[in-house]
Amino acid sequence: MIAISSKSIVIEMDKKDLWHIGTTLVNGILLEVQKKWIKYHKEVDGNKFLEYVKLQNYISFQYLKEIFNYLNRMDIIETLEMDIVTIYVESCASNDNNLQKRDT
């Protein structure tokens, strides 16, 4: 089932298991965005934040692209990217509202 060498790991699994690993990676990235990366990025642009997250999770995004390309579900990657931008925009709006409440 698993073959490990000094330079690679080969894992045999069915599509259902591959789907589970892919969705777990997606959920992990979204959680990390909400709990961690949102605090470190101070840009105003959601697309720049998306690029920042992709750089911080480069390997995970590469695996996700391979997994969902194989499963013919690249729409999952597009949805993940939209969700990351949405989380960022909503966080910025929430921070703006909190600042306005403190000013009044």
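The values are calculated or read from the model by the stated rules, or taken from the named source; none is laboratory data. Quick caveat: nothing in here was measured; it's all calculated off a predicted structure. When we count neighbours, we look across all protein chains shown, and the Cβ atoms used for this are built from the backbone with ideal geometry, even at glycine. What goes into the accessible areas is simple: the full protein's heavy atoms, side chains included, and nothing from ligands, DNA or RNA. Shrake-Rupley method; radii C 1.70, N 1.55, O 1.52, S 1.80 Å.
Could you please find all residues in the range 53-84 being open to solvent by 80 Å² or more (accessible area, probe 1.4 Å) and not basic (Lys, Arg)?
As a first pass, look at the range 53-84 and keep what is open to solvent by 80 Å² or more (accessible area, probe 1.4 Å): 55-56, 58-59, 63, 66, 69-70, 72-73, 78, 82.
Across the range 53-84, the qualifying residues are Leu55, Gln56, Tyr58, Ile59, Tyr63, Glu66, Asn69, Tyr70, Asn72, Glu78, Met82.
Does Glu32 count as part of a helix (DSSP H, G or I) and open to solvent by 60 Å² or more (accessible area, probe 1.4 Å)? No, not satisfied. Among the residues of the range 1-26, those that are closer than 21 Å to Thr79 by Cα and either in contact (Cβ under 8 Å) with a residue 12 or more places away in the chain or open to solvent by less than 100 Å² (accessible area, probe 1.4 Å) (or both) comprise Lys15, Asp17, Leu18, Trp19, Ile21, Gly22, Thr23, Thr24, Leu25, Val26.
Condition check: exposed (fewer than 15 other Cβ atoms within 10 Å of the Cβ), assigned to a helix (DSSP H, G or I) and among the aliphatic types (A, V, I, L, M). Does Leu50 satisfy that?
Values: exposed (fewer than 15 other Cβ atoms within 10 Å of the Cβ): no; assigned to a helix (DSSP H, G or I): yes; among the aliphatic types (A, V, I, L, M): yes.
Answer is no for this residue.
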